[in-house]
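Below you'll find the structure, written out as C-alpha cells, and then a few comments.
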Amino acid sequence: MISYVEARRIVAETASECVRAAPRKRTRATLEGVLWHVLAEPLFADRDAPPFDRSTRDGFAVRAEDVASIPATLKLVGEIRAGAAFNGTIGAGECVQIMTGAALPPGADAVVMIEHTEQSAGTVAVQRSVAKGANVVPRGREAKAGAQVLAAGQRMGHAEISIAAQFGHTAFSVFQRPRLAILVTGDEVVPAERTPGPFQIRDSNGYSLAAQIILTGSSPLWLGQAPDERAALRAKIEEGLKWDALILTGGVSMGKYDLVEEVLRELGAEFKFDSVAIRPGKPAVFGVCRGKPVLGLPGNPVSTMVTFELFGVPLVDVLAGALPRPLALVKARTRHAVSLKAPLTHFLPAKLSWEGGETHVAELAWQGSGDVAALARADCFLVVPETKLEFAAGDWVDVLLWRDRV
C-alpha cells in the first residue's frame, strides 16, 4: 500500500509513457472554442505590451521634476483619453489631463492622481509630489514584441484566452481533448431513470464522474453498467479500451464478486498499484491495459469522488498534453477537534467559513463513503494525514478545495 502522493506520481509518469507511445493528435480551435484546450504550439507577442507608456490612473501627466516641491501650480495644456493621441510635447511647468489607459504624452514622465490635485481655470495645483515613472507602465514592460507569452502544453483558461486575443491570436493548434470511458459495475446498480428494486441503488457515480471529467476540460463517454459477471464485464472493458483511458467504479475490493482486477489481468493489464493509504478510497487500482491507462475506483460515491480528484485529474492532465496540476490544498483552522484511529490519510467532507480574516473548516456529520447526501452539503475535504491523526479546535489543517465549489 502506497501513499496518495506516490500514487499520483505513478499515475502521471505512467500516463506520460502512454502518451510517448501514442502521441496526442492535434486539432484546430478558434478563440471562441479554445477554452480548456491545451496548446500544441507556443504563442508569441505580435507587438510590445503595453504598446506605449500607459497611464494607470486618472489624473495629470507631468514632468516629475516640476512637482518635486509642492504645492506646485502647472499650466493645463490639454487632455488625452484612452485610444487618442496628444499632439505636442509637455514642457516645463505644463501638464495634460490624462485618463486611465491613455498613452503618456511626449515630455511627461509621471502621472499625478486626480485626488491629489485641484483644478481651476487653465491651471492645476498639485498637492503631492511623484517620482519619475509613477502611475505609468512603460512600453513593453508586460511583454516585448516577439516574446513567448504562452507555452506549448499550457491549458487555455479565461486569462490565457485574454492574452491570446490581446496579441491577435484567433486560431490555435491544440491537442485533442482526451476521451475517457466510464464504466459502472455491480449487479446492485440500475440506471438513474429506473425504479430500483428493494436491494438495488440508482447509479450516481457515472453522472458525477462525467461531471468531474468535464471540469478537467475533457470528454466523458459513458458505457453504462456492467453486471458482476465475467463475460459481460470483459465485453464492456474491451469496449472502454478503445478510448484514451478507462475509468471504472466498483468491483475493485476483495469481495467474491469483485471481478474487475481479475478480468483486466486476463486482458493483459499491468497494475502499478492496487491500494492506496487513504480513506475513503483505499482499494483504488491503476494500471495499463493494451496501452491504455485504466483507473479502478471504489464504488461508494464519496470514495469515487475523492479518488478521481486525487488520481483521475493528473491522468487527464497528462493525456491532454499538459503537466499535472497540483492539488488545490489550502490551510484553514479547524472549528472542532478531530481524532481518527486508522493510520491512513483521511479526506473528510467539510465546510469552509471565513471569520476574523482567517479561513475555518468544519467536518460535517457523515455516515461513511456511501453518504452522498453529506457531499451535497460540503464544499471541500478536510485532510487528516496519517502522520498526525489528532487536531485540537483551532489547529491549522490542510483543506482540499473542490474545483466547482470554491
Query raised in the report: Which residue out of G394, G356 is at pLDDT below 95 and not assigned by TED's automatic domain parsing to the domain that holds G217?
Result: G356
**Report entry** Which listed residue, of G296, G312, is under 16 Å from M1 (Cβ atoms) and in contact (Cβ under 8 Å) with a residue 24 or more places away in the chain
**Finding:** G296
Query raised in the report: Within region 112-131, can one find any residue that is in contact (Cβ under 8 Å) with a residue 24 or more places away in the chain, exposed (fewer than 13 other Cβ atoms within 10 Å of the Cβ), in contact with a helix residue (DSSP H, G or I) (Cβ under 7 Å, 6 or more places away or on another chain) and farther than 30 Å from F308 by Cβ?
Result: yes
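Working only within region 13-35, note down all residues that are of a type in the set (A, V, I, L, M, F, W, C) and crowded, with 17+ Cβ neighbours inside 10 Å.
The answer is A15, C18, V19, A29, V34.
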Query raised in the report: Looking at region 144-155, is at least one residue at pLDDT 95 or above, touching a Leu at 6+ places or on another chain (Cβ under 9 Å), farther than 30 Å from E41 by Cβ and surrounded by 14 or more Cβ atoms within 10 Å (Cβ to Cβ)?
Result: no
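Just to be sure before I move on: is A322 more than 30 Å from A342 (Cβ to Cβ) and in a helix (DSSP H, G or I) in the structure I sent?
No, not satisfied.
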Query raised in the report: If we scan region 157-166, do we find a residue that is outside the structural domain of V77 (by TED's automatic domain parsing) and either in a loop (DSSP other than H, G, I, E, B) or among the acidic types (D, E) (or both)?
Result: yes
Requested in this report: Look at D274 and say whether it is closer than 22 Å to V190 by Cα and in contact with an Asp or Glu (Cβ under 8 Å, 6 or more places away or on another chain).
Outcome: no
Query - Hits in region 325-344 - residues which are surrounded by 12 or more Cβ atoms within 10 Å (Cβ to Cβ) and either touching a helix residue (DSSP H, G or I) at 6+ places or on another chain (Cβ under 8 Å) or among the polar types (S, T, N, Q) (or both) - result: R325, L327, T334
Query raised in the report: Is region 323-341 home to any residue that is within 30 Å of G268 (Cα to Cα) and of a type in the set (A, V, I, L, M)?
Result: yes
**Report entry** Filter result (within 15 Å of G93 (Cβ to Cβ) and among the hydrophobic types (A, V, I, L, M, F, W, C)) within region 113-140
**Finding:** V124, A125, V126
Report summary line: Of the listed residues (G93, G88), the one being over 11 Å from G59 (Cβ atoms), surrounded by fewer than 16 Cβ atoms within 10 Å (Cβ to Cβ), assigned by TED's automatic domain parsing to the domain that holds R128 and touching an Asp or Glu at 6+ places or on another chain (Cβ under 7 Å) is G93
Query raised in the report: Does region 52-65 contain at least one residue that is buried (at least 17 other Cβ atoms within 10 Å of the Cβ), touching a Phe, Trp or Tyr at 6+ places or on another chain (Cβ under 8 Å) and at pLDDT 95 or above?
Result: no
Report summary line: With the first residue restricted to region 361-381 and required to be among the charged types (D, E, K, R), and the second required to be assigned to a helix (DSSP H, G or I) and buried (at least 19 other Cβ atoms within 10 Å of the Cβ), Cβ contacts under 9 Å at 6 or more apart or on different chains are D371/P301; D371/V302
Report task. Identify all residues within region 81-109 that are under 40 Å from the mean Cα position of the chain (by Cα) and not in a loop (DSSP other than H, G, I, E, B); write none if there are none. Result -> I98, A103
Requested in this report: Mind listing whichever residues of region 280-309 are in a helix (DSSP H, G or I) and crowded, with 24+ Cβ neighbours inside 10 Å?
Outcome: V302, S303, T304, M305, V306, T307, F308
Requested in this report: Would you check which residues across region 1-39 are in contact with a helix residue (DSSP H, G or I) (Cβ under 7 Å, 6 or more places away or on another chain) and in a helix (DSSP H, G or I) and list them?
Outcome: Y4, A7, R8, V11, A12, A15, S16, V19
Report summary line: Selection over region 40-77 where residues are more than 30 Å from V318 (Cβ to Cβ), in a loop (DSSP other than H, G, I, E, B) and either touching a residue at least 60 places away in the same chain (Cβ under 8 Å) or among the β-branched types (V, I, T) (or both) yields a count of 12
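The values are calculated or read from the model by the stated rules, or taken from the named source; none is laboratory data. None of the values given here were measured: they were computed from a predicted structure. Please note: Cβ atoms are built from the backbone with ideal geometry, for glycine as well, and neighbour counts cover all protein chains shown.
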